[in-house]
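Inspection log for the structure reproduced underneath, given as structure tokens.
The values are calculated or read from the model by the stated rules, or taken from the named source; none is laboratory data. Predicted model only: the values in this text are computed from it and were never measured. Don't worry about glycine lacking a Cβ; one is built from the backbone with ideal geometry, like all the others, and counts go over all protein chains shown. Heavy atoms of the whole protein, side chains included, go into the accessibility calculation; ligands, DNA and RNA do not. Shrake-Rupley method; radii C 1.70, N 1.55, O 1.52, S 1.80 Å.
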Amino acid sequence: MLTILDTPQKPAAGSLTDRKSEFIGQACHIEDQEAAMAFVQEVRLQHPKARHVCHCAIWGPEGRTSERMSDDGEPSGTAGKPILEVMRRQGLTDCVLTVTRYFGGILLGSGGLIRAYSSAASLALKAAKSARILLTQRFTITVDYPEYDPLRRLIRNYGGHVETEDFTDRVRLTYDLEPTAVPAFDGRLDDLLQGRAQPSALGEGRRLIPLSKDKASSASR
């Protein structure tokens, strides 16, 4: 699945005007529902005179995602659902998207509202920085200093990533690997350390791989 990297402090944004109503889309990365609702509330504070602040949030791993959406007073199905469909089509998770409407005095009808909210959502996501979510397995291990550099090279050679390092009398590393790489890596790790240290599993991890605009567009199709 994909996510976006823009933060709540600097969300991606896009806007349009339709028959004097302004629609402002804003999107950012979040980890859970609490963070999503905090962002929605911040948008409301930024736009106290707006008629509606509609939103959709999706979070959680593939196959176990949760969703929340709101029409915020617009006719049912004309705001939150169109935003949700835009996010679904792009295969997104762990993000929230708001569309703020300043009413221009002209009714748009259901079809017009759906088009306007979909378009504003799409413009915000077009401006966003996208990333692929890579599911990993995370481990920690403590080694002596002479083994530090060879271990880092081994992790890198198997496509892994060192998350943290703690230097005391020894070195404690936290690293992640794609699940398919773990068996072969562990065999080489045994050869390197000769039983002097063993990794401890920390569970599932995730790594965000930034995508170029072209790659993000291809991944969402």
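Some points to look at:
- 15 Å beta-carbon shell around Gly159, net charge (K/R +1, D/E -1): +4
- For the chain, the 222 nm mean residue ellipticity estimated from helices alone, with every DSSP H stretch of n ≥ 4 adding -39500 (n - 2.57) and the total spread over all residues, rounds to -10500 deg cm²/dmol.
- Relative contact order (%) - the chain, alpha-carbon pairs under 8 angstrom, separation at least six: 24
- Charge context of Pro75, other residues only, Cβ under 14 angstrom, K/R +1, D/E -1: +1
- Here region 1-77 exposes an accessible surface that is 47 percent carbon and sulfur, computed with a 1.4 Å probe and the other protein chains kept in place.
- Calculated from backbone phi, Karplus (6.51, -1.76, 1.60) coupling profile of region 168-178 in Hz, x at Gly/Pro: 10, 6, 10, 10, 10, 10, 10, 9, 10, 9, 5
- Where labels lie 7 Å past Cα in the beta-carbon direction, separation of Glu34 and Leu208 in nm: 1.9
- For the chain, the per residue solvent-accessible surface stands at 52 Å², with DNA, RNA and ligands left out and a 1.4 Å probe.
- Cα long-axis angle, helix 182-193 against the chain (0 to 90 degrees, to the nearest 10): 40
- Computed extension length for Leu135-Glu163: 8.7 nm, one decimal, from 0.36 nm per residue of separation with the Cα-Cα distance subtracted.
- Principal-axis tilt of helix 148-157 within the chain, Cα atoms, nearest 10 degrees: 50
- Among the trypsin sites (Lys or Arg not before Pro) in region 54-131, those located in a DSSP loop and surrounded by at most 14 other Cβ atoms within 10 Å of their own Cβ are Arg64.
- Sparsely packed GluC sites (Glu not before Pro) within region 60-97, loop by DSSP, other Cβ within 10 Å at most 13: Glu62
- Backbone N atoms of region 167-181 closer than 17 Å to the 7 Å Cα→Cβ label point of Arg152 belong to residues 167-176.
- Acute angle (nearest 10 degrees) that the helix 80-89 long axis makes with the longest principal axis of the chain, alpha-carbon atoms: 40
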